[in-house]
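S.K.: Input: one structure, supplied below.
The values are calculated or read from the model by the stated rules, or taken from the named source; none is laboratory data. Note that the structure is a prediction, hence the values are computed from the model and not measured. Positions of Cβ are generated from backbone atoms using ideal geometry, with glycine treated the same way; all protein chains shown enter the neighbour counts.
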Amino acid sequence: MFLNKIKSEESGILLYGITPPKSETSPERIAEIAEKTLTRLVPLDLDALVVYDVQDESARTSEERPFPFLKALDPLTFAKEFLQDLHIPKIIYRPAGKFSGEELSEWLEDLHNHNFYPVFVGIPAPDYPVKTSLPEAYKIWSRHADTSVIGAVTIPERHELLKDEDKRILDKVNCGVSYFISQCVFNVGYAKQIIEDLSCTCKNENRKLPTIIFTLTACGSAKTLHFMEWLGIHLPEELKEDLKTSENILEKSVNICLEIASELANFCAERDIPFGFNIESVAIRKEEIEASVDMVNKISEMLKERGLRSSKQIQAEIAE
């Protein structure tokens, strides 16, 4: 159970991340998308589903957005009205600063009633008017602390630039956050540096280590690669060149992600940091969606070999 795994600081958590359909999608088409999503995800060995809140981040950079921004459905609405037959917890993202304290309180009550879990994220642009600060949002959530958990986002690229991600993480831990989901990792060195610095800081301050869940995603085209970089995901030049010159960029990217997963699993285990993986699938191309499912299965097997996951059958027998 996701809640218990986070509270007991277990490693080997496995998540799957999606975006809701676009807001102009017809109800019939939304139902069809949801049905395909359920067919794909029900057989998988997952602890929870992540449903992202899609924000227009164009104001964050002067570079033109590679793909046009299209507003998406509210992630909570999509999860509770269309994905109820997927019987695993849902983790719902929300930019807390866009909402008043009263709005956040009502949203959290709705979330709690459905046994969903929140992840508060930042505002889409630095100059966006903030209605509720993150510390205030965490305080509103704290009334659910005994029966829920709350997550936050960590960005390896920000740590490379500002060298303070370990402090940011622990400030959020002070506010009640117990696990962190990273931005997509393609620079394994950046991700390792966060872990190394966080481990040192926690040892120096005699603090417990929070759970770190690394996001991995397949890349199926040069245009997708460009979009990842636009989003702020850093790819080392050698790796980027390998992808661009590969005969099959999708297959190459999956193999890279699997190598990163194995490397990070070893690195975290050596430092006794509870860890997991979030396999992100936000593409619409069938090949990329299938690649994400393949990644889930292969990473699940890798975690089982390390003794960090049991098969769904064994879990079902334990539950009975």
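S.K.: Taking the conditions exactly as written (more than 24 Å from residue 49 (Cβ to Cβ), polar (S, T, N, Q) and not in a helix (DSSP H, G or I)), does residue 147 satisfy them or not? Don't jump to the end; show me each part of the working.
M.R.: Values: more than 24 Å from residue 49 (Cβ to Cβ): no; polar (S, T, N, Q): yes; not in a helix (DSSP H, G or I): yes.
Taking the combined requirement at face value, the residue does not satisfy it.
S.K.: Scanning the range 249-283 for residues that are hydroxyl-bearing (Ser, Thr, Tyr) and buried (at least 20 other Cβ atoms within 10 Å of the Cβ), which turns out farthest from the chain's Cα centre (by Cα)?
M.R.: Going residue by residue through the range 249-283, those that are hydroxyl-bearing (Ser, Thr, Tyr) are 253, 262, 281.
With the extra rule that they be buried (at least 20 other Cβ atoms within 10 Å of the Cβ), the set shrinks to 253, 281.
Working: 253: 18, 281: 10 Å.
So the residue we want is 253.
S.K.: Follow-up. Out of the residues in the range 204-234 meeting the condition of being modelled with pLDDT of 90 or more and surrounded by fewer than 19 Cβ atoms within 10 Å (Cβ to Cβ), tell me which one is nearest to residue 280 (Cα to Cα). Quick ask: steps written out before the conclusion?
M.R.: Within the range 204-234, the first condition is being modelled with pLDDT of 90 or more, and the residues that meet it are 204-219, 233-234.
Remaining after also requiring surrounded by fewer than 19 Cβ atoms within 10 Å (Cβ to Cβ): 204-208.
On the way: 204: 34, 205: 33, 206: 33, 207: 30, 208: 28 Å.
By that ranking, first place goes to 208.
S.K.: As an exercise: evaluate residue 120 against (1) outside any strand (DSSP E or B); (2) under 18 Å from residue 210 (Cα atoms) and give the number of the one condition it does not meet.
M.R.: (1)
S.K.: Give, as residue ranges, the helices (runs of 4 or more DSSP H) completely inside the range 208-294 that count at least 3 residues that are closer than 22 Å to residue 46 by Cα.
M.R.: The helices (runs of 4 or more DSSP H) meeting that bar are 249-270.
S.K.: Of everything in the range 194-215, what is under 19 Å from residue 260 (Cβ atoms) and either in contact with an Asp or Glu (Cβ under 7 Å, 6 or more places away or on another chain) or among the small types (Gly, Ala, Ser) (or both)? Give them in sequence order.
M.R.: As a first pass, look at the range 194-215 and keep what is under 19 Å from residue 260 (Cβ atoms): 194-199, 211-215.
Answer for the range 194-215, where residues must be under 19 Å from residue 260 (Cβ atoms) and either in contact with an Asp or Glu (Cβ under 7 Å, 6 or more places away or on another chain) or among the small types (Gly, Ala, Ser) (or both): 194, 197, 198, 199, 211, 215.
S.K.: Right, here's the next one. Of the numbered conditions (1) under 16 Å from the mean Cα position of the chain (by Cα); (2) more than 17 Å from residue 49 (Cα to Cα), residue 195 satisfies every one except a single condition; which is it?
M.R.: (1)
S.K.: Could you grab me the full set of residues in the range 170-194 that are within 25 Å of residue 281 (Cα to Cα), part of a helix (DSSP H, G or I) and in contact with a strand residue (DSSP E or B) (Cβ under 7 Å, 6 or more places away or on another chain)?
M.R.: Pass one, the range 170-194, residues within 25 Å of residue 281 (Cα to Cα): 177-192, 194.
Keeping just the survivors that are part of a helix (DSSP H, G or I) gives 188-192, 194.
Those that are within 25 Å of residue 281 (Cα to Cα), part of a helix (DSSP H, G or I) and in contact with a strand residue (DSSP E or B) (Cβ under 7 Å, 6 or more places away or on another chain): 191, 194.
S.K.: Same structure again: Say we look at the range 105-134 and pick out the residues that are among the hydrophobic types (A, V, I, L, M, F, W, C) and closer than 19 Å to residue 171 by Cβ; which of these is modelled with the lowest pLDDT? Don't jump to the end; show me each part of the working.
M.R.: So the first thing to find is which residues in the range 105-134 are among the hydrophobic types (A, V, I, L, M, F, W, C), and the list is 107-108, 111, 116, 119-121, 123, 125, 130, 134.
Next, only the ones that are closer than 19 Å to residue 171 by Cβ stay: 119-121, 123, 130, 134.
Details: 119: 98, 120: 96, 121: 92, 123: 78, 130: 93, 134: 93.
Here the residue is 123.
S.K.: Which residues, taken from the range 69-82, are surrounded by fewer than 19 Cβ atoms within 10 Å (Cβ to Cβ), modelled with pLDDT of 95 or more and more than 14 Å from residue 118 (Cα to Cα)?
M.R.: 81
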